[in-house]
Amino acid sequence: MLGKNILGLENFSAEEIRLVLKTAREMKKIIGGGVKKLPNLRGRAIVNLFLEPSTRTRTSFELAGKYLGADVVSINASTSSIVKGESLRDTLMTIEAMGVDAVVIRHKAEGAAEYAAQVVKPVIINAGDGAHAHPSQALLDLFTIEQFKGRLAGLKVAIVGDILHSRVARSDIFGLTKMGAEIHLAGPKTLLPRFFEFDGVTVHENIDAAIENADVINILRIQLERQQSGLFPSAREYARVFGINEARLRLAKDDVLILHPGPQNKGLEISNAVVYGANSAIHEQVQNGVAVRMALLDLTLNGGQL
């Protein structure tokens, strides 16, 4: 994977996914250790170009680079020359001219990461482009599921909520189906893709059917900032019909694993009791995100060599 651009999991083989997960297991030991520092990327420079707000992804990529010994600089929209009218291409070319080895980019436009890979030479890692893809989030979801379930193949994974606007859902589907999981999607009809055909994926308008006997439920955030009015009657109605609470959770397996990419709209798509309940791995996902992003940086910039 040395030099590979991380644009979306549709460009990954099952073997590459297994390699990332294996590497992330080793990286997680570093995070839990006393001295969080490896020399793997010493002398390498990484720029995090985040043109959309982020807490978890941006911070975890920054820490991942620093834990591996790289020099990391983070840029957001409000502190970049984009507010002065500079184009994305010129911003990328300016960063490239400074000699960086990788650019981690988040952008509101679908295809922004792929465009970046076409115009500059550093490794490009997609940290979320519009509603298109979020490969590192999907990989940390797979890593978390495997950690708790011991496998991915044969599991019933329900992905519920705002499928239409979710880059996480798309990346999860590519990753999980390649690893042999069975995917069930559910949400309001207005938040489901109008045309969707994908092997290994079943679409439900009734959420109870999707989560019945599920091994894993990944609850997507209702992305109010991406929606136009009228996609569902009200927040209260959505919570009643599609929200995941303790009563609805009883339809799934007793040991069902609860995931959420965050931040959560508590009381809307997920209840407080489920967020902090015994089945929740939401906070474990955050630590796993650092480990997976360390793995991606190490594999693409160092080839995974010690």
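Identify, please: which residue in the range 137-185 is of a type in the set (Val, Ile, Thr) and not in a helix (DSSP H, G or I) and is, among those, farthest from residue 267 (Cα to Cα)? Filtering the range 137-185 for residues that are of a type in the set (Val, Ile, Thr) and not in a helix (DSSP H, G or I), the one farthest from residue 267 (Cα to Cα) comes out as 183.
Between 6, 31, the distinction of being open to solvent by less than 10 Å² (accessible area, probe 1.4 Å) and within 21 Å of residue 285 (Cα to Cα) belongs to 6 only.
Just give me the residues in the range 144-181 being touching a residue at least 24 places away in the same chain (Cβ under 8 Å), on the phi > 0 side of the Ramachandran plot and open to solvent by 30 Å² or more (accessible area, probe 1.4 Å), in sequence order. Once the filter is applied, which keeps residues that are touching a residue at least 24 places away in the same chain (Cβ under 8 Å), on the phi > 0 side of the Ramachandran plot and open to solvent by 30 Å² or more (accessible area, probe 1.4 Å), the range 144-181 yields 154, 180. Among the residues of the range 87-105, is there at least one that is open to solvent by 40 Å² or more (accessible area, probe 1.4 Å), assigned to a loop (DSSP other than H, G, I, E, B) and within 20 Å of residue 200 (Cα to Cα)? Among the residues of the range 87-105, not one is open to solvent by 40 Å² or more (accessible area, probe 1.4 Å), assigned to a loop (DSSP other than H, G, I, E, B) and within 20 Å of residue 200 (Cα to Cα), which makes the answer no. Scanning the range 182-191 for residues that are surrounded by 20 or more Cβ atoms within 10 Å (Cβ to Cβ) and of a type in the set (Val, Ile, Thr) yields a total of 1. Looking only at residues of the range 184-210 that are among the β-branched types (Val, Ile, Thr) and modelled with pLDDT of 90 or more, we find that the one that is nearest to residue 221 (Cα to Cα) is 207. Close contacts from the range 232-245, counting a first residue that is farther than 13 Å from residue 186 by Cβ and a second that is of a type outside the set (S, T, N, Q) and assigned to a helix (DSSP H, G or I), with Cβ to Cβ under 6 Å and a gap of 6+ residues or different chains, come to 232/238. When the range 243-290 is filtered for residues that are part of a loop (DSSP other than H, G, I, E, B) and within 19 Å of the chain's Cα centre (by Cα), the ones remaining, listed by number, are 260, 261, 262, 263, 264, 265, 269, 281.
The values are calculated or read from the model by the stated rules, or taken from the named source; none is laboratory data. Because the structure is predicted, anything quoted here is derived from the model rather than measured. Note that we place each Cβ from the backbone using ideal geometry, even for glycine, and neighbour counts take in every protein chain shown. Just the protein is used for accessible areas: all its heavy atoms, side chains included, with ligands, DNA and RNA removed. Shrake-Rupley method; radii C 1.70, N 1.55, O 1.52, S 1.80 Å.
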